[in-house]
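First comes the structure, then the notes that go with it.
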Amino acid sequence: MSAYTSFLEQTELIEKLLISLNSGLILLDKDENVIFVNKWVIDSCPEIDSAIPQQKFLDIFPELKSGRVYEAIVNAGINGFPSIVSNALNRHPFPFYNPIKLIKSNDLQKSERIFQAIHIVPIGLSRQSNYCAIFINDVSPSVMREDALKKQVEKKQLAVRELDQQKKLFEAGPSVVFKLDYRDGYPVEYVSPNLYEQFFYHAEDIIDNNFHFMDFIHADDVRGYQDHILVNIETDVDHFEQEYRIIDGQGGIRWVNDFTTVIRKEDGQISYFHGYLIDVSEHKLIEKQIKKQAFYDSLTSLPNRRMLTERLNQDISRARRHKFYNALLFMDLDNFKYINDSLGHGVGDELLVEVAKRITDRIRLEDMAARIGGDEFVIVLSELDKDMEQAAVKGQIIADSLRAKLSASYSIRGNELHTSPSIGVVIFPRPGDESQKIIQNADTAMYHAKAAGRNDVRFFTEEMQLAADNRLHLEKNLRMAVTNQELCLVYQPQVAKGGEVLACESLVRWIKDNKIISPADFIPVAEETGIIIDIGEWVVQESCRQFKAWQQLHLKNAIQHIAVNISPKQFRDSNFIQFVENTLRYHQMEPSELELEITEGIVIADVEDTIEKMKQLKAMGVRLAMDDFGTGYSSLSYLKNLPLDVLKIDQSFIRDASKDPNDKAIVSTIISMAKHLKMVTVAEGIEEKSVLNHLSREGCSIFQGYYISKPITGEEFSNFLKSWDGSLLF
């Protein structure tokens, strides 16, 4: 083999070796022409063609002209110094890499980083280098391995610190150490082995079965536990404590004191909770016993005078803040001294215990009954009403109920005993009221009850007593009104824009002793006592009867349907849907001939039940209207879900709709909204033609009010239909 052949073979071997390198190689001549690239460069750089003519380096990579790589190439050519250039500080790698492998993002934290080391090596025999070799190495795997190793070291260091903290906490005393993950339910990651000794749970079972700390907390305390943690976290408090109940492994209730430390990551985010529990059940029991002795009557277990005073002070403040009226009932047992003296204190004590039970059974959970000494009891009735007279009425009802319950006979130790309460009532708060003054005033009223013959109820003021008496008298008479045929209906026409009479609304009136009692006076009483169901059913039946009677007269202006108001209690009655169906069948009416008007209050009270019943009525074909629309505060939230046919705009907006800009805007909005929801609008309370004309221009569909006709009897309505020509509207 000749020397030349050997040289060629060696040259070919070197070229193959350079081509197969697992890194890039670009060879430049002294004029910066690319004269050689290996396979790695060809595969990785789309700018370079495998058959390279002598192209300028900067023609291929113009973006490197002002960069450190080109500066190093120039220095290598001039000075003959090799250089290493890294892109570790760059946002993006040098362009010697396939762009498909890059993630384009403006966020450096989310971008894939390609770490490169560029070796610039001058090649030549003199100081003035003839060639320049560019070696390109992707060192990303090495950097990533270093980062991973660093994270492992940090994780191990954190674990060592955690173990050290756990040990210190565990050695602090007879407490249960825990570590909780900061996720929903707070999964238990660690709990000390003494858990069983304290709370009858095996620590290994808790950890192995992925228990959540919330699973141990008493259901009534879960909300408070969560709220306490959130408040402290939001205020950046990293150490806090709280007391709550847990359920131990045997199903018992235990009180614990929880000392928690928040462990955060380096970026400030919460990693987990560390802490310990101490059983304070015995301490709580002692505390409860002390409180009971201090605040409760030892005989009846009712609150005593001290607790009554504290509660009364709280109720006064809360009532003033929320503008509610409360009632205080001061009660003394009639003839108790005689029973106590004749049959002994043992019998007397048992009688007092039984009285306390009867009182507790009668009052609401939010109310309070206290024994303040001897046979004297005080009852606080909270938030009765925002109207003082209505609060007095409700206080009278509860007082009478208690009087009846406590007056029933008692069987104690073979003796049938009879006693009754004398009750004084005070409505509070009023200006200048404080707890002792309220109790004193109620005590004074109680003595008036005794002076009136005992077994009676007296209010501290004559005005309130009069209101309560009037209300009871009204209720008594109202119960007989339907039976005595004292109720009657009147009808108010509803007229369309074109002048035709489309319908009427039936309105109930009560005539007692030739005097008309306002619905505003008796309807609230009927609603509160439940009498409204009987009255409401009579109104629906009578309205349907009258509608059919008009139909049989074949009047020229025959109406299409009749509208009836439905009370909340009547609507909530479980038999209401069946009642409507039976009534329509009995009177042989088409369902569309009956329109039921409900108020926004019905919707607010129980949205789901309201929608369900309305859907049933709608499926029957009954028309549905929202009465007094605009006076509530939540109808807009549910309006789109209610299957309504009609919106009746409340008359408070109608009266000045042609003058007041606010009323104009409200009425215009309601009409527009109704159109979009495909509902008809009825304007009630129209008293002037100017208002009617304005509403007509705004697009209101139907009009009702004294301008057209006052509410009239059935016979008068027949005559109205005969004579109506619609001229009032034009």
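Here, each number is a calculation from the coordinates, and none is a lab measurement. What you see is a predicted model; the values in this text were computed from it and never measured. Here the Cβ is made from the backbone with ideal geometry for all residues, glycine too, and neighbour counts use every protein chain on show.
Loop only per DSSP, at most 14 neighbouring Cβ atoms within 10 Å: give me the trypsin sites (Lys or Arg not before Pro) in region 265-299, ordered by residue number. Don't skip to the end; give the middle numbers.
Numbers: sites: K265, K284, K288, K291, K292; in loops: K265.
Passing both the DSSP loop test and the Cβ count: K265.
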Given 4 °C and 1.567 mPa s, compute D for region 310-424 with the Stokes-Einstein relation, Rh being the Kirkwood radius over Cα pairs; round to the nearest whole µm²/s. 86
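Using the Kirkwood radius over C-alpha pairs as Rh, can you work out the diffusion coefficient of region 579-730 via Stokes-Einstein at 4 °C, viscosity 1.567 mPa s, in µm² per second?
Diffusion coefficient, whole number: 77 µm²/s.
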Note to self: C-alpha centroids of region 319-351 and region 491-515 sit apart, in Å, by 52
Loop GluC sites (Glu not before Pro), region 361-431, which have at most 13 other Cβ atoms in a 10 Å radius of their Cβ (DSSP): E366
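Could you tell me the relative contact order of region 482-722? Use alpha-carbon pairs under 8 Å, at least six residues apart, and round to a whole percent.
Working: 394 pairs, mean separation 48.8, N = 241.
Normalised by residue count, the contact order of region 482-722 is 20 percent.
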For region 426-509, shape from the Cα gyration tensor axes a ≥ b ≥ c, cut at a/c of 1.5 then a/b versus b/c, turns out oblate
G705's amide H: which non-local residues (gap 5+, or another chain) put their own amide H closer than 5 Å, with H modeled 1.01 Å from N in plane and none for Pro or chain starts? G685, I686
At q = 0.14 Å⁻¹, base-10 log of I(q)/I(0) for region 642-730 (Debye sum, equal scatterers on each alpha carbon): -0.52
Around S298, with a cut-off of 15 angstrom between Cβ atoms, what is the net charge of the other residues, counting Lys and Arg +1 and Asp and Glu -1? +3
Note to self, the chain gives a 222 nm [θ] from helices alone (DSSP H runs n ≥ 4, -39500 (n - 2.57) apiece, / all residues, nearest 500) of -14000 deg cm²/dmol
Residues with amide H under 5 Å from that of V680, placed H, sequence gap 5 or more: V646, L647
For region 463-601, what number results from the quotient of the Cα radius of gyration and 2.2 N^0.38 Å? 1.16
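Starting from region 553-640, pick out the trypsin sites (Lys or Arg not before Pro) whose DSSP state is loop and whose Cβ has at most 14 other Cβ atoms within 10 Å. If you can, show how the numbers build up before the last one.
Details: sites: K556, K569, R572, R585, K613, K615, K618, R623, K640; in loops: K556.
Of the trypsin sites (Lys or Arg not before Pro), the ones in loops of region 553-640 whose Cβ has at most 14 other Cβ atoms within 10 Å are K556.
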Between the helical axis of 222-234 and the dominant principal axis of the chain, each derived from Cα atoms, what acute angle in degrees is found, rounded to the nearest 10? 50
Can you work out ³J(HN,Hα) from phi for every residue in region 518-534, in order, using Karplus 6.51 cos²θ - 1.76 cosθ + 1.60 and θ = phi - 60°, giving whole Hz and x for Gly and Pro? 5, x, 4, 8, 9, 5, x, 5, 4, 5, 5, 8, x, 4, 4, 5, 5
In a shell of Cβ-Cβ distance under 12 Å around E282, excluding E282 itself, what net charge do Lys and Arg (+1) and Asp and Glu (-1) give? +1
What is the magnitude of the charge dipole of region 482-722 about its Cα centre, with +1 placed on the Cβ of each Lys and Arg, -1 on the Cβ of each Asp and Glu, and no other charges, expressed in debye to the nearest 20? 820
Quick one: what are the phi-derived ³J(HN,Hα) couplings along region 378-392, Karplus 6.51/-1.76/1.60 with θ = phi - 60°, whole Hz, x for glycine and proline? 10, 10, 9, 9, 8, 6, 6, 5, 7, 9, 4, 5, 5, 4, 5
Separation of alpha-carbon centers, region 587-664 and region 393-469, rounded to whole Å: 43
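Before anything else, pin down the relative contact order of region 296-474: Cα pairs under 8 Å, at least 6 apart, normalised by residue count, whole percent. Intermediate results must be reported in sequence, preceding the final value.
Working: 296 pairs, mean separation 49.5, N = 179.
Worked out over region 296-474, it gives 28 percent.
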Tell me the net charge near E600. Cut-off is 14 Å between Cβ atoms, E600 excluded, with +1 for each Lys or Arg and -1 for each Asp or Glu. -4
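Antiparallel versus total DSSP beta bridges in the chain: what percent is that, nearest 5? Provide the component values of the computation, followed by the final result.
Details: 92 of 118 bridges.
DSSP beta bridges in the chain are roughly 80 percent antiparallel.
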Mind putting together the pair-distance distribution for the chain? All Cα pairs, 10 Å bins, whole percent per bin, short to long. 2, 10, 12, 11, 11, 12, 11, 9, 7, 6, 5, 3, 1, 0, 0
Out of residues 5 or more away from T261 or on other chains, whose amide H comes under 5 Å of its own, with H placed 1.01 Å from N in the peptide plane? H274, G275
From the phi of every residue in region 616-628, what ³J(HN,Hα) in whole Hz does the Karplus formula 6.51 cos²θ - 1.76 cosθ + 1.60 yield, where θ is phi - 60° and glycine or proline is x? 5, 5, 5, 5, 5, x, 6, 7, 10, 10, 9, 8, 6
Quick check: Cα centre of region 364-379 to Cα centre of region 516-558, how many Å? 44
Would you mind calculating the relative contact order of the chain from Cα pairs under 8 angstrom and at least 6 residues apart, reporting the percent as a whole number? 6
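Given axes a ≥ b ≥ c from the Cα gyration tensor, I'd like to know whether region 570-668 is rounded (a/c under 1.5), prolate (a/b larger than b/c) or oblate.
On the way: a/c = 2.79, a/b = 1.82, b/c = 1.53.
Prolate, since a/c reaches 1.5 and a/b exceeds b/c.
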